[in-house]
Amino acid sequence: AKADGKNRWADYDADRNAREVARFTLSARMPAAVESEEFYVDYQPIVRLSDNKLVGVEALVRWAHPEFGRLGPDQFIGLAEETGLIVPIGRWVLREAAGQARRWRDTYGASAPRVSVNLAARQIEEPTLVADVRTILAAADIPAGAIQLELTESAIMETTGKPLSTLHGLADLGVRIAIDDFGTGYSNLAYLRHLPVHAIKLAGSFMEGLRGIPAADPADSQIVTSLVSLAHVLGLEVIAEGVEEPQQADRLGAIGCDSAQGWLYAKPGPPEDVERWLDPA
Ligand code: C2E
Ligand code: CA
Ligand code: CA
């Protein structure tokens, strides 16, 4: 048993070493990757529950690494936040998403989906964020309302400096602001009253309890019901994330949740996949 334990330690050390090497290799390549456009954006539909119409998409960044292949954000966003490279990467994602919003508006007019983009804490700390967003909107020639910015409550709390004035600056431009992963971490609806927020995205972790008939977890179902009604009292739109089953969508619709996103509708994919949901104007 002792030898066993020792081996496990060796394995652990080796794993940790491999992880360190991978982290180092990835972060070393990242600045060049920003320059050489190895990043790309997939889009995932957000669907209105009352009529199953596409109302938005979420832009999700990916990295086509020349050596490691396609990497998901969970494999590099944390690292990019630590090194600060999330700032240029995030700006690139926003510019890319705004360009896509422009192309969809050209083809589909007013029924073009709103494009939702994730913002990291480090981006909220950037003194030029509001000006950058304004410039990007102008360059793409889209109304600010065509873009929604997703921030987690923990990103807002972690932000040093003046997150509130930044949020107000963004909201004053006319972009929509959504609280991402709502229900995890510090989530607090009462506190949101004091923020310029338009929507909450209910964390996928609630959806587990909404599976099946009757609901797998009646308490989760009750919590979601309460959150949706309280959010509506506060004038917030509610988007459910991680919806995988028709029963979850039915239950969310019955509860009055506004829209939903998840594999039930579509996985994230290239813009062409999204266009199957749309009729040319
Ligand atoms: P998120 O913002 O919560 O994005 C939703 C994640 O859930 C996506 O993972 C999406 O592919 C996944 N998902 C969608 N539908 C389902 C479903 O039905 N079931 C399950 N189990 N998962 C589903 P992805 O693309 O791997 O992104 C992971 C996270 O990386 C995102 O979580 C977001 O926090 C971050 N991220 C992605 N793109 C960006 C970006 O451009 N900037 C920043 N700062 N973060 C990003
Ligand atoms: Ca998000
Ligand atoms: Ca989320």
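Read the figures in this text as sums done on the coordinates, not as results from a lab. Not measured: the values here are computed from a predicted model. Every residue, glycine as well, gets a Cβ built from its backbone with ideal geometry; the counts of neighbours run over all protein chains shown.
Some points to look at:
- Each principal axis of the stretch 160-281 carries a Cα extent, and these read 45, 41, 25 Å when sorted largest first.
- Rounded D (µm²/s) - the stretch 12-143, Kirkwood Rh over Cα pairs, Stokes-Einstein at 20 °C, 1.002 mPa s: 131 µm²/s
- Under the simplified labelling scheme, the ALA138-GLN75 pair shows an inter-label distance of 3.9 nm, with each label point 7 Å from Cα along Cα→Cβ.
- Unit Cα scatterers, Debye sum, the stretch 86-139: log10 I(q)/I(0) for q = 0.24, 0.28 Å⁻¹: -0.92, -1.11
- Per the Debye calculation on the stretch 17-59 with a single equal scatterer at every Cα and no solvent contribution, log₁₀ I(q)/I(0) for q = 0.23, 0.30, 0.34, 0.35 Å⁻¹ amounts to -0.79, -0.95, -1.02, -1.04.
- For the stretch 156-185, backbone nitrogen atoms closer than 16 Å to the point 7 Å from LEU278 Cα along Cα-to-C-beta are found at no residue.
- Helix-only [θ]222 nm of the chain, DSSP H runs n ≥ 4, -39500 (n - 2.57) each, per residue, nearest 500: -14500 deg cm²/dmol
- Each label was represented as a point 7 Å from its Cα along the Cα-to-Cβ direction; for TRP9 and THR107 these points are 5.9 nm apart.
- Under the simplified labelling scheme, the ARG23-ASP250 pair shows an inter-label distance of 4.6 nm, with each label point 7 Å from Cα along Cα→Cβ.
- Take every DSSP beta bridge whose two residues both sit in the chain; close to 40 percent of them are antiparallel.
- Protection-proxy order for peptides 100-107, 125-132, 188-195, each taking the mean of Cβ atoms within 10 Å per residue, highest first: 100-107, 125-132, 188-195
- Ignoring aspartates and glutamates fewer than eight residues from LYS162 along the same chain, the ones with Cα atoms less than 16 angstrom from its Cα are GLU125, GLU126, GLU153, ASP172.
- In terms of overall dimensions, the stretch 92-207 has a Cα radius of gyration and Dmax of 14.2, 41 angstrom.
- Per residue, the convex hull spanned by the Cα atoms of the chain amounts to 164 cubic angstrom.
- Residue-span extension gain [HIS194 to ARG16] - 0.36 nm each, minus C-alpha spacing: 59.8 nm
- Convex hull volume per residue, computed on the Cα atoms of the stretch 107-165, equals 88 Å³.
- Computed 3J(HN,Hα) for the stretch 191-207, one whole-Hz value per residue from the Karplus formula 6.51 cos²θ - 1.76 cosθ + 1.60 where θ = phi - 60°, is 5, 4, 4, 8, 10, x, 10, 10, 8, 10, 10, 5, 4, x, 4, 6, 6, glycine and proline marked x.
- For the chain, with +1 on Lys and Arg beta carbons and -1 on Asp and Glu, the positive-most of GLN44, THR135, VAL274 along the dipole: THR135
- The radius of gyration of the Cα set in the stretch 181-229, together with its Dmax, comes out at 12.0, 38 angstrom.
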